[in-house]
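Before any comments, here is the structure.
The values are calculated or read from the model by the stated rules, or taken from the named source; none is laboratory data. What you see is a predicted model; the values in this text were computed from it and never measured. Reconstructed Cβ throughout: ideal geometry from the backbone, glycine too, with neighbour counts over all protein chains shown. Heavy atoms of the whole protein, side chains included, go into the accessibility calculation; ligands, DNA and RNA do not. Shrake-Rupley method; radii C 1.70, N 1.55, O 1.52, S 1.80 Å.
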Amino acid sequence: MDQGVAVTNISTEVRSGRGARQVNTLPLLLPAVILLLLWSILPLLRTIFYSFENYNLMTPPAVFNGGLNYRYLFTDISTWVAIKNSVVLVLGVLAASIVFGTLIALLLNNDFPGRNIARLLAIAPFFVMSPVAALIWKNLLLDPVSGLFGWFMTLLGLHPIAWFSTAPMLSVVIIYSWRWIPFATLILLTALQSLDTDQLEAARMDGAKGLARLRYIVLPHLLRPISIVIMLESIFLLSAFAVIYTTTNGGPGDATTTLTYLIFIKALNDFSIGSASAAGVFAIVLANVLAMFLIRAVSRNLQA
Amino acid sequence: MAKLILQNVEKRYETFHAIKGIDLSIDDREFVVFVGPSGCGKTTLLRMIAGLEDITGGDFSIDGVRANDIPPDKRGLAMVFQTYALYPHMTVAENMGFALKMAKVPRDEIKAKVAHAAAMLQLDKVLDRRPKALSGGQRQRVAIGRAIVRNPKGFLFDEPLSNLDAALRVQMRTELVKLNKQLQTTMIYVTHDQIEAMTMADRIVVLHAGIVEQVGSPLELYNNPANLFVAGFIGSPKMNLLEGVVTARDDQHVEVKLDDAGNVIVMGDRIAVAPGTRVTVGMRPEHTALVSDGPIGGVADFVEHLGNETLVYVKRPDGQQMIVKADDLAGVRMGDAVTMAPKGDRSVLFGPDGKALLRREFHLH
């Protein structure tokens, strides 16, 4: 008898539970949605709005000027230079962090005394703030007079190089690589540690040694984490700013002016909010197209 | 085509002596099963034969050639791992042909060999799939196929069936034995499951704490366990082991007064044991019967009806449990007082050191 009562109780509860699920959930979601709108959509809409105005902080007021900002943007040669610079920066740092990240991860995955300390040191650059890293590189390492590299070169009887004037983009790529190789190392090292030891032993039985083992067993296993590194680093590197600002200021000329830095110049050097907004909108479209391809590639890898 | 000989083979880790000197000779085409409880060293021994673990003492030879220091891929032995260890990014065909690819065998030859092995294992339709898209049984076959393709001198199996469901396990058991006959190669098979050992092996090697307890055919081990460990390990349900004192003996019989029970007689040819010796009598559940006025008494604690047989768990006055295999008509209920008698000609006698006192020749019919 008792059991029968309990059963009917449960069934009514289930029914009322189902009823509760039909309650309108919109009021519950609304606070979060409103916050999100205020936080990200409104600024975006505002940027799009400004991009159609001739809005210079020095010569107010702002006047609607149709698509003129966009026409200037696409006819200006510096826009295309900036895009090229952005691409060089992203691809350069990605190449460095994947190649060196993989090599360092493979090294650190071996057992040797002091491995934990070595791992910590290898990861450490990632925790240094960008401006600090940039200043260290600029003043202590790459400086032709007081820098370590210059000192080495004089020791070898060579002339020190003024890195930021002779190879400005390379210098920026080196500094960003120094910061992002540890990130790739960290992700690839964890991936290496999750490689099934039985698989490695099976490969040993199958006669795959050294490079063959790396090529047929280890690298295929790393394909997935590598695609994740590519995606995450691309997102961060497209908006890279601090190191350029601290070291080269986008120069010499426009040699290190990336799209991000170009927007900064337009907005805060030229005070032209209108054309900066137009470049910003263009950058958003560009980043989204890139993200679409990347995410598609990564998700294909994740499924495999 | 491989005769494997182990002579005083040892494995020492820094703080642990895993394999304590094993002598074993495995004949060509033989199906040998290493069995033992977990931690007994059976997998370590297999991995030493494979070359995945160093041999720290003794000699190991394949076909008369010392193999201690030959790298694993040059020993001509193929291993099937418990987890299968398939390469997830390769198709079934690539998985199976990988060893040949590493050995720089021409592409056409690899393809032909893979196709041959795939046909043998009914994998022809899934050759282009990745391991992820296969069922557990198919993955198992791919792992075996990967070994077959190499045309090895011997196969090493490390608990290969433990990840399969019960029905598939029984099926794969017979298929592996057939494969052994078909390929005519030596096979070593590691398991903790004594039923797998009994059903598949030509010879069973019982390992315990890094030493060999007994080597023999399944029925030898079942009928003539060399010591108490083998007696307790082989056979299901376990052999009943009761202690007692020898009261009399002649050339054909030994009479033992069991503790907390009456006298039982163990038959055997000239068993060397003096009256007064403390011994252990081993009686299998299937060789013990419920009888009225039997020498061993107790209370039926639990009765399991399996249909073809009934297992009666009897609690003895000293608290020990004894198992009797009865038929379903026995009519015993929980709580009934029962008495039992062992079959004297199937009982085994163990001396105070735990070694069997009785070594009858057992003839297979």
Point to revise | Straight-distance crosslink candidates among lysines, where the alpha carbon sits under 21 Å from A:K84 and sequence neighbours closer than 8 are dropped | key: A:K266
Study note, to complete from the structure: Whole-percent carbon and sulfur contribution to the accessible surface of region A:33-159 (1.4 Å, no ligands, DNA or RNA) stands at 77 percent
Point to revise | Length-normalised contact order for region B:75-209 - Cα pairs under 8 Å, 6+ apart - percent | key: 32 percent
Exercise for review: Using a cut-off of 13 Å between beta-carbons, work out the net charge of the residues near A:L223 (Lys and Arg +1, Asp and Glu -1, A:L223 not included).
Suggested key: +3
Study note, to complete from the structure: Sorted by chain and then number, the residues having a modelled amide H within less than 5 Å of the amide H of B:G262, at least 5 places away or on another chain, are B:I296, B:G297
Practice item. Quote the charge dipole size of the protein assembly as shown about the Cα centre in Debye, to the nearest 20; the model charges only the Cβ of Lys and Arg (+1) and of Asp and Glu (-1). Key: 2240 debye
Exercise for review: Just flag the GluC sites (Glu not before Pro) in region B:280-365 sitting in loop per DSSP whose Cβ has no more than 16 other Cβ atoms within 10 Å.
Suggested key: B:E309, B:E361
Study note, to complete from the structure: Between the residues A:P27, A:L140, A:G207, the Cα farthest towards the positive end of the dipole of the protein assembly as shown, that dipole coming from +1 and -1 charges on the beta-carbon of Lys, Arg, Asp and Glu, is from A:L140
**Study point:** Calculated [θ] (222 nm, deg cm²/dmol) that DSSP helices of n ≥ 4 give over chain A, each run adding -39,500 (n - 2.57)
**Key:** -22500 deg cm²/dmol
**Study point:** Of the trypsin sites (Lys or Arg not before Pro) in region B:240-303, those whose Cβ has at most 14 other Cβ within 10 Å and which sit in DSSP loop
**Key:** B:R270
**Study point:** Straight-distance crosslink candidates among lysines, where the alpha carbon sits under 30 Å from B:K315 and sequence neighbours closer than 8 are dropped
**Key:** B:K238, B:K257, B:K325, B:K343, B:K355
Review point. Taking K and R as +1 and D and E as -1, what net charge do the other residues with C-beta under 9 Å from the C-beta of B:P237 add up to?
Key: +2
**Study point:** Under the span-like rule (Cα at least 18 Å along the axis, Kyte-Doolittle mean at least -1.0), DSSP H helices of chain A
**Key:** A:2-21, A:77-108, A:168-193, A:219-238, A:273-303
Study note, to complete from the structure: Expected vector for region B:294-300, Karplus 3J(HN,Hα) from phi with 6.51, -1.76, 1.60 and θ = phi - 60°, integer Hz, x for Gly and Pro, equals x, x, 10, x, x, 10, 5
Review point. Which ³J(HN,Hα) values in Hz, rounded to whole numbers, follow from the phi angles of region B:173-180 under the Karplus curve 6.51 cos²θ - 1.76 cosθ + 1.60, where θ = phi - 60° and Gly and Pro get x?
Key: 4, 5, 5, 5, 5, 4, 4, 4
Review point. So how far, in whole Å, is the C-alpha centre of region B:176-191 from the one of region B:86-148?
Key: 19 Å
Review point. Applying the Karplus parametrisation 6.51 cos²θ - 1.76 cosθ + 1.60 with θ = phi - 60° to the phi angles of region B:208-214, what ³J(HN,Hα) value in whole Hz is obtained for each residue in order, glycine and proline being reported as x?
Key: 8, 6, x, 10, 7, 7, 6
**Study point:** Under 5 Å, built H, 5+ apart or other chain: amide partners of B:E53
**Key:** B:M48
Check your understanding: Once you wrap a convex hull around the alpha carbon atoms of chain B, what is its projected area averaged over all directions, in nm²?
Key -> 21.9 nm²
Study note, to complete from the structure: Highest GNM mean-square fluctuation among B:L329, B:L349, B:L77, for chain B with Cα springs under 10 Å, belongs to B:L329
Review point. Given H placed 1.01 Å from N in the peptide plane, which residues other than close sequence neighbours of B:N68 have an amide H under 5 Å from its amide H?
Key: B:F60
